[in-house]
Each structure stands twice: as C-alpha cells, then as structure tokens.
Amino acid sequence: MLGNLDQYRADLDRLAALGEEMLIDLSLRGARIEPEQREIAERLHGGFERNYQQWYTEASAVVGQLLPGRAAEFQQLYLADARRKTIDAASYSIQDWLVGRRFTKDAAAGCNFAIAHDATDELTAVSLRLKTQLDVLRSAETRFASSLFDIRRLARADLFDSELDACRELSAQGFLRAAGTVAGVILERHMQQVLANHQIDFQKPEPTLNDFNDQLKKAGVVDVPLWRLIQRLADVRNLCSHNKHREPHKKEVEELIDGVDRIVRTLV
C-alpha cells in the first residue's frame, strides 16, 4: 500500500511535466522561433493534440480524488458550453480546438459564431485554459504532500486492524502465546513509526519496546500514564514471547490486544 502511494506521487509528477510540455507546444505555434528553440519546437510540435485526451482523463481523475471541490472547474475548462450563443475568446474551449471547431459559422451546431479578427485568438484561449488546468493540478500536488502523512497513517491503521483481528481469533482459539506475540510485534512497529513521525533519532542495537517507550516519554510524546500502560503491555508481550515459567492468562492477552488497538489509533 505504501509503495502504491509513492507510485501515485510519481504519476502526479508525470502528469504535471506532460502538461507543461503541451503548454510549451501551444506557446511556440505561430511564434518566431529562435534557433536555440528549434529543436524543442520540433520535438514538442503536435504534442498537445496527441496527448491531451489521455492527459485530461488521468488528470481529471486525480483532481477529483484530491481536490473534489475543483473537479467541476477543471472539467469546465475542457468542455464546450452547449448554451452559448456565440463562440469567441471568452467562450472558446479546449474541446472546440480538439474537434476542429474554429471561430467560424457552424450551422450544424446551431450557434451564430463570432468571426475572429486574429487567428491567434483560438490558440491563446486554449493555452489559457490549459494553463489554468495545469495550475489546478499543481495545487493537487501540494494537497497530496500535505495529506500524505494522513494517507499513510490510514493505510497502517487498516493493516493493523486486520492483524489485530487475527490476534483476537488466535486468542479465541486458545493460542494465547501466538496472539500476544503478534500483538507485541504490531505495537513495536507502531512505536518505531511514532519515533520517525516525531523525527526522534534513536540508535541502539536491538532496541526493545521499553526502549522505544522511554525515548517517547523523554521527548514528551507520551505522558506518564500512557508510558506506564505501554510498560504493562510490554510485560505481557514478554510473558507471551519469552517467559516459559508460566502460561499467559487469557485476560492478560485480551488486555494486550485491546491496549495495542487503543495506542495505534491514538498515538501518532
């Protein structure tokens, strides 16, 4: 799951880069090309028409997921307005350009289209709309970065829920040591992540749960009551994993599982 999130980030970067290339392609058309720009112009020429539809499909899905409040705006920048009476620079759309509609009379569309005075008006209108779409997409990048921590935390919570359900099933079947050991591993992984979240650099060969707990208490991340609870849970985990002098009680294992459930949900 976490690897997939990194892939989403890479896809977002790719879409922004392709959008920038399409914008450059449009800006160079009809412009005076300097010798140093010629290679770029030739490489990008026609890229807008070749790539826009696929780009729009992917980009609109990304905007819909990360910025649902701006999804309609993003789509309207592409779509032609069926209610318009004339087509001019203000009403011209990206869709118009892609279907070959220009500032001319088009009886089939049922509109009295205005006639352009400048052939570059259409390109300018399309470029402005693409630039706005690209700006919206880039704002989604910022939103993605700011929400990435929450997405990762939710992904871990879903995974831990599944693992804790397995612990409860093991306990119900009488496999108390196995249930307690797995619950302890979940708690240890979560404590390591909490240290990373708070940028606490902790280096010790083979650290224990109590080592993690002490470091978080020292940094002020956990208070004394929570620190004592984690100590108690660590003791039960050690009883399940290491102490062979007596068997853990079912109530102790249930306490461990419930305690881990509470901590992974509240301690971030």
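The values are calculated or read from the model by the stated rules, or taken from the named source; none is laboratory data. All of these numbers come straight from a predicted model, not from anything done at the bench. Reconstructed Cβ throughout: ideal geometry from the backbone, glycine too, with neighbour counts over all protein chains shown. Note: areas computed on protein heavy atoms with side chains; ligands, DNA, RNA excluded. Shrake-Rupley method; radii C 1.70, N 1.55, O 1.52, S 1.80 Å.
Here the Kirkwood formula puts the hydrodynamic radius of segment 199-268 at 13.1 Å, using every distinct Cα pair. Per atom type, segment 191-268 shows carbon and sulfur on 47% of its accessible surface, probed at 1.4 Å. When peptides 166-174, 87-95, 218-226 are ranked by their average number of other Cβ atoms within 10 Å per residue, the highest-first order is 87-95, 166-174, 218-226.
Of the listed peptides 50-57, 185-192, what is their order by residue-averaged count of other C-beta atoms within 10 Å, with the highest listed first?
Result, highest mean first: 185-192, 50-57.
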